[in-house]
Amino acid sequence: MKKIEKTENQIIFTAEIEETVTNSIRRYVNQIPILAVDEVEISKNDSALYDETVAHRIGLIPLKMEGSLTKKPGKLKLDVKKEGVVYSEELKGNPAVVHKNMPITLLNNNQELQIVATIKAGKGSEHSKFSPGLIFYRNVVEIVVDKEFYEEIRKVCPDAEIKEKGDKIIIIDDKKGEVADVCEGILDKKKKKAEINPTGELIITIESFGQISVEDIFKKSIETLKKDFASVAKEIKKI
């Protein structure tokens, strides 16, 4: 594995791993239990938005996953009377919201919004509000083109790794940005084709919505996948 880039809510790395395995890990992101708002009781809503719209917005606000899921989830309360935008940070209780500046609705002078939200654990396969993030990937490839295109490709992709081999050059497409499409675009102008060869490696990107870290998304997805494999193995032995 080789890290390409890491930020607070994203990591990009290369790994020599089968696409089928990576795709299974990707799909199992939505099997990780996550906390989210399940029910919203609105006792007062003077805003221009319908109750259903306000409830839908609150349901999609990511919540921090601190502590164990075995504990009974708490409730969030919002009681505001003001003029201006109502933000997610005004939801008080446990668990806390991840992003404090998500707008919920807009109130005019002397308007009120009173809400009690009930939290529960769920999975992204049930509803997107329980999804902790995304995993996506693409192949690392070698692009073989005529040497005459060296300067043009180097100008457009200055960070690309380029090797010379006779009258050809080989561009290694293993960075965050996809070089293959750029090369094909340059060659199309002169009606020439590139030879694109997979290397067996993948560039994997993990993005977190903030409930859990990118490392935990990857780890928990694999753990959940392993549990299901073990369960299937037990059932097969019974046959």
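The values are calculated or read from the model by the stated rules, or taken from the named source; none is laboratory data. Keep in mind it's a predicted model, so treat the numbers as computed, not measured. A quick note on method: Cβ atoms are made from the backbone with ideal geometry, for glycine too, and the neighbour counts reach across all protein chains shown.
In table form, for the structure just shown:
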item	result
Strands (runs of 3 or more DSSP E) completely within the stretch 1-117 that count 1 or more residues being of a type in the set (S, T, N, Q) and over 20 Å from the mean Cα position of the chain (by Cα)	34-45, 103-107
Pairs, first without any contact (Cβ under 8 Å) to a residue 12 or more places away in the chain in the stretch 96-109, second assigned to a strand (DSSP E or B), C-beta under 9 Å, six or more apart	none
2 or more residues touching a residue at least 40 places away in the same chain (Cβ under 8 Å): qualifying strands (runs of 3 or more DSSP E) within the stretch 134-216	195-208
Qualifying residue in the stretch 216-232 (condition: touching a strand residue (DSSP E or B) at 6+ places or on another chain (Cβ under 6 Å) and at pLDDT 85 or above)	yes
Some residue of the stretch 209-229 being touching a helix residue (DSSP H, G or I) at 6+ places or on another chain (Cβ under 9 Å), over 13 Å from Val29 (Cα atoms) and aliphatic (A, V, I, L, M)	no
